[in-house]
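The block underneath contains the structure these notes are about, expressed in structure tokens.
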Amino acid sequence: MTAYNRVYNFSAGPSVLPLPVLEKVRDDLVNYQGSGQSVMEMSHRSAEFKKILKDAEQDLRELMNIPDNYKVLFIQGGGTLQFSMVPLNLLRNSGKADYAITGTWAKKAYKEACRFGDIKVVASSEDDTFTWVPKFGKEDVRPDADYVYITTNNTIYGTAYNYIPDTGNIPLVADMSSNILSQEIDVTKFGVIWAGAQKNVGPAGVTIVIIREDLLGYAGEKTPVYLDYKIHADNDSSYNTPPCFAIYVAGEVFKHIKATGGISAMEERNRAKAKKLYDYIDSSSLYKNPVAREDRSIMNVVFVTGNADLDKKFVAQAKETGLVNLSGHRSIGGMRASIYNAMPEEGIDALIDFMKKFEEENK
Ligand SMILES: *Cc1c(COP(=O)(O)O)cnc(C)c1O
């Protein structure tokens, strides 16, 4: 029996949060740290909330080793608003940008950018239903592109970049919504990193943007004020009311990651969890993972039985066992186990036990 009778939640997002964080948030809920109020009720201009915001930024900087010449912003609007904010702010010279299409989210980002400039597909694996991640570099990118755009982890297809494309002097922009904080990355290789919180960071409602300072200040005159990164940077993410509670919970997650060994320890645990699950899938005669091995995501593990009805049965029976949200994205079907930072190894073990039993019963 799990604590509080909780299920193992394999949802792709919003997704599982660390139990110690939920308990801390619960304990502080009605009276945050002796302030006499909950974080939900606090003025975003109060000293208490300013400290929450500042600590969250500082802890994220420490965890990701973010250099001083990058700003950290907490913005609303989810990942989808970043599809618009990126071109609105970064198409600043030639009006050209090159996008790698590695899944649904990358494609949505590309389509949105096409409304604002001359956007080219630099690489794509769409013809193979996004089962691998293309390799490309400087020589493939237009030399006058204002930026190059990638999606480091493809949440729906279960693939991830196993390298960082070298784009020379052209800023690389990365959507890290589903793998931020899961493994060590070199922030200096990127112009902009952004991530919606609800996959691997915290509750829905806040999006993290990490942006190199020299890329600020290029939003066009007609850009809505909220969509200008510089406005958020100049006002410490408090130009208007920020998503206070979501920032607070994300901040508690950052503290928790720091207290449990930081990103390198997290990466080690994540790789071990993913390896266990992939090894089992590879050894099984029922389940298949359709992804090129070297491009397998350590966050979203997709698999199929090859029989859509059996897949449905799998998802339904798993749910009865307390293993929930295992169906693949509605666009591709099959199964998907999202095993983000907060999924404990016991959850992987329970899933594998169930998979074995199901395989045995459905030979
Ligand atoms: C979920 C997701 C998005 C979209 O996020 P929303 O907050 O729902 O707009 C974008 N990119 C990736 C990689 C995602 O996983």
(message) Filter the range 79-109 down to the residues that are within 12 Å of the ligand (Cβ to nearest atom), open to solvent by less than 20 Å² (accessible area, probe 1.4 Å) and part of a helix (DSSP H, G or I) and list them by number.
(response) Gly79, Gln82, Phe83, Ser84, Met85, Val86, Ala106, Ala109
(message) I'd like to check something: does the range 123-145 contain any residue that is more than 18 Å from the chain's Cα centre (by Cα), touching a residue at least 40 places away in the same chain (Cβ under 8 Å), farther than 24 Å from Asp68 by Cβ and buried (at least 24 other Cβ atoms within 10 Å of the Cβ)?
(response) yes
(message) Whether any residue in the range 156-176 is out of contact with any helix residue (DSSP H, G or I) (no Cβ under 8 Å at 6 or more places or on another chain) and closer than 30 Å to Met42 by Cβ is what I want to check.
(response) yes
(message) Against the condition within 30 Å of Ile257 (Cα to Cα), in contact with a Pro (Cβ under 6 Å, 6 or more places away or on another chain) and in contact (Cβ under 8 Å) with a residue 60 or more places away in the chain, how does Ala342 come out, does it pass?
(response) yes
(request) Would you be able to tell me the number of residues in the range 146-166 that are open to solvent by 30 Å² or more (accessible area, probe 1.4 Å) and either small (Gly, Ala, Ser) or in contact with a strand residue (DSSP E or B) (Cβ under 9 Å, 6 or more places away or on another chain) (or both)? (result) 4
(message) I'm checking my understanding of the structure. Among residues of the range 256-297 that are closer than 17 Å to Asp353 by Cα and of a type in the set (D, E, K, R), which one is least open to solvent (accessible area, probe 1.4 Å)?
(response) Lys273
(request) Give the number of residues within the range 35-67 that are closer than 26 Å to Arg212 by Cα and of a type in the set (A, V, I, L, M). (result) 7
(message) Here are the criteria: (1) open to solvent by less than 40 Å² (accessible area, probe 1.4 Å); (2) within 16 Å of the ligand (Cβ to nearest atom); (3) not aromatic (Phe, Trp, Tyr). Tell me which single one Gln76 does not satisfy.
(response) (1)
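In the range 147-158, what residues are within 11 Å of the ligand (Cβ to nearest atom) and either assigned to a loop (DSSP other than H, G, I, E, B) or not aliphatic (A, V, I, L, M) (or both)?
Within the range 147-158, the first condition is being within 11 Å of the ligand (Cβ to nearest atom), and the residues that meet it are 150-157.
Those that are within 11 Å of the ligand (Cβ to nearest atom) and either assigned to a loop (DSSP other than H, G, I, E, B) or not aliphatic (A, V, I, L, M) (or both): Thr151, Thr152, Asn153, Asn154, Thr155, Ile156, Tyr157.
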(message) All but one of (1) under 30 Å from Pro18 (Cβ atoms); (2) more than 13 Å from the chain's Cα centre (by Cα) hold for Ile208; state the number of the condition that does not hold.
(response) (2)
(request) Take the range 283-330 and flag every residue that is within 18 Å of Pro14 (Cβ to Cβ) and of a type outside the set (Ser, Thr, Tyr). (result) Met299, Asn300, Lys319, Leu323, Val324, Asn325, Leu326, Gly328, His329, Arg330
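Test Val121 against the stated conditions and say whether it is among the β-branched types (Val, Ile, Thr), within 16 Å of the ligand (Cβ to nearest atom) and either part of a helix (DSSP H, G or I) or touching a Phe, Trp or Tyr at 6+ places or on another chain (Cβ under 8 Å) (or both).
Spelling it out, it is not the case that Val121 is among the β-branched types (Val, Ile, Thr), within 16 Å of the ligand (Cβ to nearest atom) and either part of a helix (DSSP H, G or I) or touching a Phe, Trp or Tyr at 6+ places or on another chain (Cβ under 8 Å) (or both).
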(request) Being open to solvent by less than 60 Å² (accessible area, probe 1.4 Å), more than 25 Å from Leu227 (Cβ to Cβ) and part of a loop (DSSP other than H, G, I, E, B) narrows it down to one of Val30, Val16, Val21, Val25, so name that one. (result) Val16
(message) For the structure I just gave you, tell me whether Lys313 is of a type in the set (D, E, K, R), crowded, with 20+ Cβ neighbours inside 10 Å, assigned to a helix (DSSP H, G or I) and out of contact with any Lys or Arg (no Cβ under 7 Å at 6 or more places or on another chain).
(response) no
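The values are calculated or read from the model by the stated rules, or taken from the named source; none is laboratory data. Just so it is clear, the model here is predicted, and its values are computed rather than measured. Note that we place each Cβ from the backbone using ideal geometry, even for glycine, and neighbour counts take in every protein chain shown. What goes into the accessible areas is simple: the full protein's heavy atoms, side chains included, and nothing from ligands, DNA or RNA. Shrake-Rupley method; radii C 1.70, N 1.55, O 1.52, S 1.80 Å.
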